[in-house]
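One structure is given below, encoded as structure tokens.
The values are calculated or read from the model by the stated rules, or taken from the named source; none is laboratory data. Bear in mind that the values here come from a model prediction, so they are computed numbers and not experimental data. With ideal geometry, Cβ positions are generated from the backbone for all residues, glycine too; neighbour counts draw on all protein chains shown.
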Amino acid sequence: MSNIHVIDHPLVQHKLTLMRRKDASTNSFRRLLGELATLMAYEVTRDMPLSDIEIETPLETMTGKVIDGKKLVLVSILRAGNGFLDGMLDVVPGARVGHIGLYRDPATLQPVEYYFKMPSGMNERDVIVVDPMLATGNSASAALARLKQTRPRSIKFVCLLAAPEGIATLQAAHPDVPIYTSAIDRQLDEHGYILPGLGDAGDRIFGTK
Ligand code: URA
């Protein structure tokens, strides 16, 4: 599969396994998700552009490399995406944050947008979209289509777990958007849950159930 990056670092895999366990508390699930997001951010931002600045060390002047974090936008697909944000912001604290809210129309089963808020100047920004679970891929696909209307410089999609069905949907609709995940699971069940998965990510992050 092209354009898919599975982040198989041992720390990521270890924390993912702890999160999958059904007896993980809300507290530890949320903490582990934050830690995983930080580790994943490290890989996802690997190709961020650097620029040169002159600085003075205690001994002499030198040219150092810096990233322009303000050019980066982290976009959370509500609500579970918010569980990813803080861990990512720990690595790129200057990043801007956008939110997209979608719900599934029970009659048509199609995603309907109820919230969309982005920073200004999107055409000069690189976007990282975060949503822990890439299941059917329908909302992620709709979110990316809406986001593309703002003409960002680049888009990446980051999730914790992906189902093969969701990857296929996203790649068919948005072959230009690389997908980063920590695992590709087996399949979806008849309710759209990822198997073996970790359950409802939003409920587990926020302790709602
Ligand atoms: N969303 C979730 O939170 N979990 C799944 O398994 C699928 C979609």
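Could we say that residue 143 is buried (at least 22 other Cβ atoms within 10 Å of the Cβ), of a type in the set (Gly, Ala, Ser) and within 11 Å of the ligand (Cβ to nearest atom) here?
Considered against the rule, which asks whether it is buried (at least 22 other Cβ atoms within 10 Å of the Cβ), of a type in the set (Gly, Ala, Ser) and within 11 Å of the ligand (Cβ to nearest atom), residue 143 comes out as no.
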Exercise for the section: Please indicate, with yes or no, whether at least one residue in the stretch 97-108 is modelled with pLDDT under 95, touching a Leu at 6+ places or on another chain (Cβ under 7 Å) and in a strand (DSSP E or B). Expected result: no
Handout entry: Residues located in the stretch 75-92, provided they are in a loop (DSSP other than H, G, I, E, B) and over 9 Å from the mean Cα position of the chain (by Cα)
Key = 78, 79, 80, 92
Fill in the blank from the handout: Flagged pairs (Cβ under 8 angstrom, 6 or more apart or on separate chains; first in the stretch 71-98, touching a residue at least 60 places away in the same chain (Cβ under 8 Å) and farther than 13 Å from residue 33 by Cβ; second hydroxyl-bearing (Ser, Thr, Tyr) and surrounded by 17 or more Cβ atoms within 10 Å (Cβ to Cβ)) are 77/139
Exercise for the section: Kindly list the number of the only condition in (1) under 22 Å from residue 33 (Cα atoms); (2) within 15 Å of the ligand (Cβ to nearest atom) that fails for residue 190. Expected result: (1)
